[in-house]
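First the structure, in the form of structure tokens, and then the observations on it.
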Amino acid sequence: YQRRVRGPTERNFSLGRSFVGFLRPCRMNGFVARLSFFFSLFLLAFSAPVSYSYCQAGLPAYQPTPSNLKMKMVQVFTRHGDRTPASVLPVENVTYTCKSNELMSLESTSVARDGHYRQKVYISNNAFSQNIWKGNCKPGQLSDVGITQHHVMGQTLREIYVGKFGFLDQSFDPKALFIRSTDVWRTIQSAEANLLGLYPPDSRPPGTIIDINVDPASVTDGYPNTDPCPRLAQLQKKIQTSAAWVQREAALSNVIKKIRYATRTTGVSYFDQVDRLADNLHCRVCTKLSLPCQADVCVSQDDTTQLFKVACSTVLPLFFH
């Protein structure tokens, strides 16, 4: 009896069985892990739950094992938590603050110095400061909300698989877990936060080191990657030039035109891909920040919803055929 848990964090799409092929065998030194994690940049939306929330999906829930079956393995697929936009608009007027950046101890380096801390502060009078948001977050960085989302998920998994099922031990056993992540800091940090909830420090033997298995970006299959699979780019281009695609974009052309004007991205080639616009705007929506305006033209919540329908279609249809 193998159970698959859909990741509950922000920007998390429901997972169909077809995606399981991305996960490699979780065999370590002849032992198969009981619990296998995969932290990815991207999950596929094969079937959307009725109560699906883009900003915050639900947490795993306890479901008793059928009496005639024995649980052998659990697979957890999840995307990273809440993050800042990876795409920066020509003019940004919002603030993204990442408290996890503040007061970072030098103990994290090879030279341990108790009591010494550093805090990163961006210079505010730079001539190009209007082109970045205020605050201390980098583009695409896991936010404090994202860290909390994964920590809470880890605590929930502990309640279910340690507390109720007794499937995992109270104390951390490296042979019982296999953790895989895309080699991107926000997914690795999500894994760390999740594991901190699943196995807090007092449940780990002194000196415990947890392996997070990654592939180089050039060969990873943790997200749609055209480097090792050029065919993927060909199929994507075929879809975006199809009659159905052109018709869909035409139906939303006025909305897209309005958003480009309000975000000052008209004629900016980087934002020709609408998913980059959606990336920026949905981060604002989830963080409850104001949406862009130019003069008296402002992006509305409904505009972002319509834009996201187009942006999601950029890649997802490739996996339905």
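The values are calculated or read from the model by the stated rules, or taken from the named source; none is laboratory data. The shown structure was predicted, so the numbers you read here are calculated from the model rather than taken from an experiment. Ideal geometry is used to build each Cβ from the backbone, glycine not excepted, and the neighbour counts take in all protein chains shown. The area values use the complete protein model at the heavy-atom level, side chains included, leaving out ligands, DNA and RNA. Shrake-Rupley method; radii C 1.70, N 1.55, O 1.52, S 1.80 Å.
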- Note on the structure: Too long for a 31 Å Cα-Cα cut-off, among LYS134/LYS238; LYS72/LYS288; LYS134/LYS309; LYS138/LYS175; LYS257/LYS288; LYS99/LYS257, are LYS134/LYS238; LYS72/LYS288; LYS138/LYS175; LYS99/LYS257
- Spin-label point model (7 Å from Cα, Cβ direction): what's the LEU69 to LEU252 distance in nm? 3.7 nm
- Item | For ASN213, distant residues with modelled amide H under 5 Å away | ILE179, ARG180, SER181
- Computed FRET value (nearest 0.05) for GLN273 with SER171, which takes r as the C-beta separation and R₀ as 51 Å: 0.60
- Residue-wise, which Karplus ³J(HN,Hα) couplings in Hz belong to segment 151-160, taking 6.51 cos²θ - 1.76 cosθ + 1.60, θ = phi - 60°, and x for glycine or proline? 5, 5, 4, x, 4, 5, 4, 5, 4, 7
- Under 5 Å, built H, 5+ apart or other chain: amide partners of VAL76: VAL5, SER36, PHE37, PHE38
- Please report, in debye to the nearest 20, how large the charge dipole of segment 161-206 is about its Cα centre when each Lys and Arg carries +1 at its beta carbon and each Asp and Glu carries -1 there. 120 debye
- Message: Tell me the accessible surface of TYR62 in square angstrom (1.4 angstrom probe, heavy atoms of protein chains only), to the nearest ten.
- Response: 90 Å²
- For segment 129-213, build the convex hull from the C-alpha positions and give me its volume per residue in Å³. 107 Å³
- Message: Largest first, please: the extent of the C-alpha atoms of segment 176-288 along each principal axis, to the nearest Å.
- Response: 59, 38, 22
- Carbon plus sulfur fraction of accessible area for segment 179-304, probe 1.4 Å, in percent: 55 percent
